[in-house]
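Written out below as structure tokens is the structure these notes cover.
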Amino acid sequence: MSYENITTTQKERVHYITVNRPKQLNALNKATIQELHEALKSAEADENTRVVILTGSGEKAFVAGADIKEFADFDTENGKQLAAEGQKKLFDFIENLSKPVIAAVNGFALGGGLELAMASHIRIASDNAKLGLPEVSLGVIPGYGGTQRLSQLVGRGKAMELITTAGMISASDAQNWGLVNHVVPQEELMALAEKIALKICNNSGNAIKSAIKAVNANYQASVNGYEVEVAEFGNCFGTPEFIEGTTAFIEKRKPKFK
Ligand code: CAA
């Protein structure tokens, strides 16, 4: 499939998706959100893909937010629709993808850009990255899940400060806050993403799918995460990957998952 706003490549079992609007600092317009949805849907369906690495093109930005020029003349209804559609097609979609998505934050991750990283399962950043939710400086609030996921990741107090000040934090502060897992020089970012991706590839894809579902259940109202964990734990038993994993342990060899 050919895209206008993103590029995709597959290397062995890792699928790479790059937001490719460098002149607009990779801002997310509706067309880009649709293309990211399509690319993630095919990565999910592709048996060869075990993990996705998501990044931005150029050295300056991961994603500098939703495309401000696209929504500047929207009214209330258009605004609600923008947020609802975006959340469904991209942000909730990533969070619930059965394969881990690693956000390699290679520069500015602002507004929708930080929201995109926060919806991903794992976040790593280059040391030049700047992160923030500056929406209130535009007279709007984060609309792609930022008010919820930032509080979940860093706690309500820090989330309130970052959101109400519309400030930006450095990659090293983001690491101290628990917002990103690792910070490395920009030229080492993709190598680190690949190192994490390859570790994931060694494990059972079926069990990883269950683990993502169980972890996410903790953040869903009206769902008992412990019950989801019990159900998903049970679902793993008897599967070919469970049989391979446990047999390999007993036979003192490394498992070979398909
Ligand atoms: N939307 C549209 N275009 C954007 C953009 C965005 N979010 N961010 C940057 N651009 C464009 C700029 O308009 C500029 O284009 P032109 O050359 O055509 O004028 C180009 O990218 C380069 O940007 P700057 O000249 O501003 O670059 P800079 O180095 O001086 O500043 C920056 C970099 C601090 C990231 C600055 O671009 C900036 O503040 N961007 C906006 C960040 C922002 O407010 N993001 C939140 C968006 S709202 C949102 O995301 C809502 C939501 O939750 C759903």
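Observations on the structure shown:
- With a 1.4 Å probe rolled over the protein heavy atoms of all chains, the accessible area of H182, H37, H121 falls in the order H182, H121, H37, largest first.
- Hydrodynamic estimate: the Kirkwood radius of the chain over Cα pairs, inserted into Stokes-Einstein at 25 °C and 0.890 mPa s, corresponds to D of 129 µm²/s.
- Ordering of 227-239, 166-178 by packing is 166-178, 227-239, highest average first (other Cβ atoms within 10 Å, averaged per residue).
- Residue-span extension gain [A45 to S98] - 0.36 nm each, minus C-alpha spacing: 18.1 nm
- Candidate membrane-span-like segments in the chain, meaning DSSP H helices with Cα atoms spread over at least 24 Å of their own axis and a Kyte-Doolittle mean of 1.0 or above, do not occur, with no membrane implied either way.
- Just checking the listed ones, T247, T164, T49: in the Gaussian network model of the chain with Cα springs under 10 Å, the one fluctuating most is T247.
- Sulfur and carbon atoms: percent of accessible area, the range 102-254 [1.4 Å]: 58
- From largest to smallest, the equivalent ellipsoid semi-axes obtained for the range 38-187 from the alpha-carbon gyration tensor read 22, 21, 14 Å.
- Averaging 1/r over every pair of different alpha carbons in the range 205-250 and inverting the result gives a Kirkwood radius of 11.2 Å.
- Additional length obtainable on full extension of the chain from N78 to E188, 0.36 nm per residue less Cα span: 35.5 nm
- Among G58, G107, G139: highest mean-square fluctuation, GNM of the chain, C-alpha pairs under 10 Å: G139
- Listed by chain and number, the lysines whose C-alpha is less than 20 Å from the C-alpha of K158, apart from same-chain residues fewer than 8 away, are K130.
- Pair-distance profile P(r), taking every C-alpha pair of the range 169-258, with 10 angstrom steps and integer %: 15, 28, 31, 23, 4
- Rolling a 1.4 Å probe across the protein heavy atoms gives the range 6-201 an accessible surface of 45 Å² per residue.
The values are calculated or read from the model by the stated rules, or taken from the named source; none is laboratory data. The shown structure was predicted, so the numbers you read here are calculated from the model rather than taken from an experiment. When we count neighbours, we look across all protein chains shown, and the Cβ atoms used for this are built from the backbone with ideal geometry, even at glycine. Areas reflect the complete protein model, heavy atoms only, side chains present, ligands, DNA and RNA absent. Shrake-Rupley method; radii C 1.70, N 1.55, O 1.52, S 1.80 Å.
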